[in-house]
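Quick notes on the structure that follows.
The values are calculated or read from the model by the stated rules, or taken from the named source; none is laboratory data. Predicted, not measured: the structure shown is a model, and the values here were computed from it. Don't worry about glycine lacking a Cβ; one is built from the backbone with ideal geometry, like all the others, and counts go over all protein chains shown.
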Amino acid sequence: MTEAPSFRYIARKRRPKEDRRFVAGHGRFVADVALPGTKHVALVTSPHPNATIVSIDPSAAVGMPGVLAVLAGDELAAATLPLMVGVDTPNVRRYPLAVGRARYAGEWVAAVVADSRALAEDAAEQIHVTYEPLAFNTEPERALDPAAPLVHPEHGSNTLLHKTFVWGPVDDDFRAAAHRLAYRARWNRSSTVPIETFGVLARWDPGIDVLDVWASIQMPKYSDQIARALKLPGNAVRVHNDVDVGGSYGVKRGIKHSVLVGYLARKLGHPVRLIEDRLENMAGGDMQGPDRIFDVELAFEHDGRVRAMRMRALDNAGAYTGRAPLQLGKPITAIVGPYRINSVAYEAISVTTNRTPQEAVRGFGQGPTNFAIETGIDKIARFLDLDRHEVRRRNFIRHDEFPYRIPSGSEYDSGDYHAVQEKTIALARWPELIAKRDKLRAEGRLAGIGIASCLEPSGGNSAFEPLLNDKNDTTTWMEGVRVRIDALGAIAVVISTTSAGQGHETLAATVAGEILERDPDGIRVARADSLSALPTNSPVGSRMAIMMGGAVAEAARRLKAKLMAIAAHELAVAADRLAYDGGTISVQDAPEKTVAWDRLVHIAHRNFHRLPPGMEPGLEASYVMQVPTGRYLPTADGRVQIYPCYSFEFHIALIAIDRLTGKPHLHDYFIGHDCGTVINPDIVRGMTLGGIAHGIGAALYELFQVDAQGQPISQSFMDYLLPSAHEIPHVAMVEHHTPSPHTAFGQKGSGEAGYLGAPACVASAVNDALAPLGISIDSLPIRIRDLEAALSGGSPA
Amino acid sequence: MKHVEIALAVNGRVHRAAVEPRVTLVDFLRDELRLTGTHVGCEHGVCGACSVLLDGEPVRACLMFAVQADGRQITTVEGLAPGPGELSLLQDAFCETHAMQCGYCTSGMLIAGHALLNQTLTPSREAIVEAIGGNLCRCTGYQQIVEAIELAAERLRAVNRPEATTP
């Protein structure tokens, strides 16, 4: 399975198309888009985690130089509909600006519009808001206590979602198993924290009644959501997708920003923009990630084989619903990880608290869940005194068992987990790595080796929506593209989304070039705006290699078939007697009979009289792709196929910890990676390495904290620590290629897997280092201060 | 607010302007000169996305006021290439190793790498890490950036050898 089929352009080293404009300083990010007369927004935010807004007095601000308007929540709420949410919580209403009550410190209370951002900030300081502070809660477990303050009293409780699933004979399996082990794993709040904050610019065009929007966005159905909230027809919002997005990894969903700015632009008759500063981004930008407590119980045999799992996941969604509860849903599609676990009980609870709301983060909940599962596998090994590799080996699904259906109903497409594990062990030169660890230990350091495996479900159908929301019957998460050849013979692929570094232009050009056998460097990739776009769901869920790649392949095939039909007609032979080579079409047994590319193009664009009867002139083909395997609503007992493809990774890392200060240092990192056929090796490698760095951050450094007063205390890069080049070790990588049977070229998704496995691997390394001291830490991040506290005999801070 | 007259050279061209004293250098470069290749990431001097060369030294353009750059030489990412439509060897190396994804931190990384290669053409991995250690990248995990600077150093060494031909 590792023999890659031969491709012309796919899987070969090729420079990504996008890079040249970025190195030249010619990227076009939202803050670079300049419209004459643009006005700027600054925000007034709540200093209280929970408070009634008694009054807002803008009088001191409105007369200030350059100030156009002050907007408060009442006016905006009267003019708009609440923002869309993912689960069925109709009484948890959300508007861009707080209405009557602020529910977290940092929540937007009022917006000022002025000639410049500086003037808007000056005026924002002069808006006087009177608050009546209320009792608040920031803790997820306390949120379940009936005595806890209600974040949304009209909702009646703090529970946004509570679903229990039982897949298979869990109780029987637990009774029959030789051992059981219970533990708690805590994933505290971090996020993806792109270097570019969220920004949006909107302009109302009164001549045609259209709201033009430029945004740093990665959001499915973004234009629809803006239109719905602003009570506009869908075709009155035009989102321009030709905006480079400065990183997202899931979180760039600024719908509240966009509705606010869209409303202001229409009301004021000026272009209006809001570019978050870092403080707004981190406190009130709604970009924080999962915040989760796992209580897990595993039932297993003497040999380490796991029979059954019970998992309860309690997640702190923050002050509003958003899509946060759905992040408990995606893990259902890989709830047993890469292991043969016969039965599972899963209880998913999402609660609301007085914290910043949560947004989608890379992996959509899969990273925390993988950490919880891998923590258990290590614990079994320790409990049985077995080798950690051996426990994984014994539990892995075997390569000859695919397609493999897991208890929750999802079928894993393909994989060879044992092979990737062995390749990674060989890459790490395991005996030498052990020797290196032991040498560090002998020198007095605390040293440990971490191991983790992980799956990356990719290409998703968003079927967690109907699974977690009875009122949602979505069964498609399509992606559409158009491929065209112009009258001069040049190829363009029209895609319908923004990109945030995933290399979609390279992907689309490579695939179109592969099918049409034309050099991808000469293929233009254009981005349609939302009014001219085909149906799309944006690059979420590691889906674009599968979905956009698949759509381009099919559209290009249709175009190629049209070229063949034209040639067949021109040469007066049957199409199945023709051969296509690099855009020239010849008769197989009479190669002198040929129609070249330029001739085909000319006929299609100029010579209707030479076209086969009934054929449309011109050269254009569109294709809207449905998610492979995504056909059905969930069954009554909660089984569903959410993702078609499953990539696999195996991580190994060596860490040393200073005994005195607790400072960790990652010496070595190894990864084995299998995402099927790789479209562009440098892009896949980059996303994997970047994901690992992101995961190292989540494991050791990054934490959104609030203090006892409910105040955010991670508001800058001084206190929310992103790993720099100093903290990230050299990563050695080995590839494996198990093609997916469901995709055009055998490709799978690859944007998330580094991040999904690295936190578990680093935690495993830390715990191996601490094992000789009898200490175990199952709460992420494990910061220097937590290690120092543990080593000095205290409890982790 | 009172404006202050300044004159500074940006990418070799002298600009005269009247600016508010509170305008940062990065806002001046972006908003007044429309040199939008320099990016704003944190506005408190940690991320390095706004890095420019000030008289050849890398600095944070978000931590300086434009008036402080009066009389100084500034180089932004737009000024790294030898000519219009061309790339420097370092910029080309960034493309060769795919030393970026979203492109947002890239300008600052190029400035940091450029300043390093002005000092040495034989940087160790540690020296490269040190040079870019004040620039945050969220996409790449830094490895392909380190490789790009190593590659550029190697190519610059080759270019500077008398027997070598310019690639």
Within the stretch A:231-254, considering residues that are outside any loop (DSSP other than H, G, I, E, B), surrounded by 19 or more Cβ atoms within 10 Å (Cβ to Cβ) and in contact with a helix residue (DSSP H, G or I) (Cβ under 7 Å, 6 or more places away or on another chain), the one farthest from the other protein chains (Cβ to nearest Cβ): A:A236
Test: residue in the stretch A:389-397 that is at negative phi and not in a helix (DSSP H, G or I): yes
Selected residue (only one of A:A500, A:A463, A:A447, A:A512 is among the hydrophobic types (A, V, I, L, M, F, W, C) and modelled with pLDDT under 95): A:A463
Residue match in the stretch B:100-110 (condition: small (G, A, S) and more than 7 Å from chain A (Cβ to nearest Cβ)): yes
Count of the stretch A:669-695 residues which are among the hydrophobic types (A, V, I, L, M, F, W, C) and more than 8 Å from every other protein chain (Cβ to nearest Cβ): 6
Check on B:T76, at the interface with another protein chain (Cβ under 8 Å from one of its Cβ atoms), polar (S, T, N, Q) and closer than 21 Å to A:A500 by Cα: no
Residue within the stretch A:213-230 that is at pLDDT 95 or above, closer than 30 Å to A:R382 by Cα and within 14 Å of chain B (Cβ to nearest Cβ) present: no
In the stretch A:707-724, the residues that are of a type in the set (A, V, I, L, M, F, W, C) and either under 23 Å from the mean Cα position of the chain (by Cα) or not in a loop (DSSP other than H, G, I, E, B) (or both): A:F717, A:L721, A:L722
Given (1) within 30 Å of A:P220 (Cα to Cα); (2) without any contact (Cβ under 8 Å) to a residue 60 or more places away in the chain, number of the condition A:G409 does not satisfy: (2)
The listed residue being closer than 23 Å to A:C454 by Cα and free of Cβ contacts under 8 Å to residues at least 60 places away in the same chain, out of A:I683, A:I782, A:I692, A:I777: A:I777
Subset of the stretch A:32-78 (residues that are in a helix (DSSP H, G or I), surrounded by fewer than 16 Cβ atoms within 10 Å (Cβ to Cβ) and among the aliphatic types (A, V, I, L, M)): A:A60, A:V62, A:A78
Residues of the stretch A:93-110 satisfying the condition of being in a loop (DSSP other than H, G, I, E, B) and either surrounded by fewer than 21 Cβ atoms within 10 Å (Cβ to Cβ) or without any contact (Cβ under 8 Å) to a residue 60 or more places away in the chain (or both): A:R93, A:A98, A:V99, A:G100
Top-ranked residue of the stretch A:270-295 - restricted to ones that are buried (at least 24 other Cβ atoms within 10 Å of the Cβ) and assigned to a strand (DSSP E or B), ranked as nearest to the other protein chains (Cβ to nearest Cβ): A:R273
Members of the stretch B:48-66 found to be farther than 20 Å from B:L116 by Cα and either facing another protein chain (nearest Cβ under 9 Å) or in contact with a Phe, Trp or Tyr (Cβ under 9 Å, 6 or more places away or on another chain) (or both), listed by number: B:F65, B:A66
Selected residue (only one of A:I585, A:I546 is in contact with a strand residue (DSSP E or B) (Cβ under 9 Å, 6 or more places away or on another chain), at pLDDT 95 or above and over 30 Å from A:E411 (Cα atoms)): A:I585
All positions within the stretch A:497-530 that are assigned to a helix (DSSP H, G or I) and touching a residue at least 60 places away in the same chain (Cβ under 8 Å): A:E505, A:T506, A:L507, A:A509, A:T510, A:V511, A:G513, A:E514, A:L516, A:P520, A:D521
Subset tally (residues that are of a type outside the set (D, E, K, R) and closer than 21 Å to A:Y346 by Cα) for the stretch A:282-307: 9
Exclusive hit being outside any helix (DSSP H, G or I), surrounded by fewer than 24 Cβ atoms within 10 Å (Cβ to Cβ) and modelled with pLDDT of 95 or more, set B:G141, B:G134: B:G134
Answer from A:A725, A:A760, A:A732, A:A765 - the residue that is within 14 Å of chain B (Cβ to nearest Cβ), crowded, with 21+ Cβ neighbours inside 10 Å and either at pLDDT 95 or above or closer than 16 Å to A:A452 by Cα (or both): A:A725
Options A:A202, A:A182; residue that is among the small types (G, A, S), part of a strand (DSSP E or B), surrounded by fewer than 22 Cβ atoms within 10 Å (Cβ to Cβ) and at pLDDT 95 or above: A:A182
Unique residue being within 12 Å of chain A (Cβ to nearest Cβ) and touching a strand residue (DSSP E or B) at 6+ places or on another chain (Cβ under 9 Å) when the list is B:G37, B:G71, B:G45: B:G45
Selection status of A:V351, outside any loop (DSSP other than H, G, I, E, B), out of contact with any Lys or Arg (no Cβ under 7 Å at 6 or more places or on another chain) and surrounded by fewer than 24 Cβ atoms within 10 Å (Cβ to Cβ): no
Qualifying residues in the stretch A:9-31 (those that are more than 9 Å from chain B (Cβ to nearest Cβ) and buried (at least 16 other Cβ atoms within 10 Å of the Cβ)) - the one nearest to the chain's Cα centre (by Cα): A:V30
Qualifying residue in the stretch A:20-39 (condition: touching a Cys at 6+ places or on another chain (Cβ under 7 Å) and closer than 30 Å to B:T75 by Cα): yes
Residue within the stretch A:46-64 that is modelled with pLDDT under 95 and of a type outside the set (V, I, T) present: yes
